[in-house]
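Accompanying notes for the structure given below.
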Amino acid sequence: MTGGDRMTEKELADMMEAEEKRLKLHDPEFLQRHREIMETADRIRQENRKRLRQSSDLTEAGNP
């Protein structure tokens, strides 16, 4: 980094490129794992929404 606390655009771009290589961002295995994680997150969100609706329905049924 240059003097001070700020990075130049070039330094930022170089750092991002190095991280992409380190993480193997464009590797098929990385992309497959990413898809798996996103699918799991979506499934959890859907399950949580369903539970919230069920909980809300129970609350409303208990308070006519």
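The values are calculated or read from the model by the stated rules, or taken from the named source; none is laboratory data. If you're wondering where the values come from, they're calculated on a predicted model, not measured in any experiment. With ideal geometry, Cβ positions are generated from the backbone for all residues, glycine too; neighbour counts draw on all protein chains shown. Heads up: the accessible areas ignore ligands, DNA and RNA and are worked out on the full protein's heavy atoms, side chains in. Shrake-Rupley method; radii C 1.70, N 1.55, O 1.52, S 1.80 Å.
Just a few scattered comments:
- For segment 42-63, the criterion of being modelled with pLDDT under 95 and not in a helix (DSSP H, G or I) is satisfied by at least one residue.
- The residues of segment 1-20 that are modelled with pLDDT under 95 and either touching a strand residue (DSSP E or B) at 6+ places or on another chain (Cβ under 9 Å) or open to solvent by 100 Å² or more (accessible area, probe 1.4 Å) (or both), listed by number, are 1, 5, 6.
- Hits in segment 21-36 (condition: open to solvent by 100 Å² or more (accessible area, probe 1.4 Å) and not in a helix (DSSP H, G or I)): 24, 26
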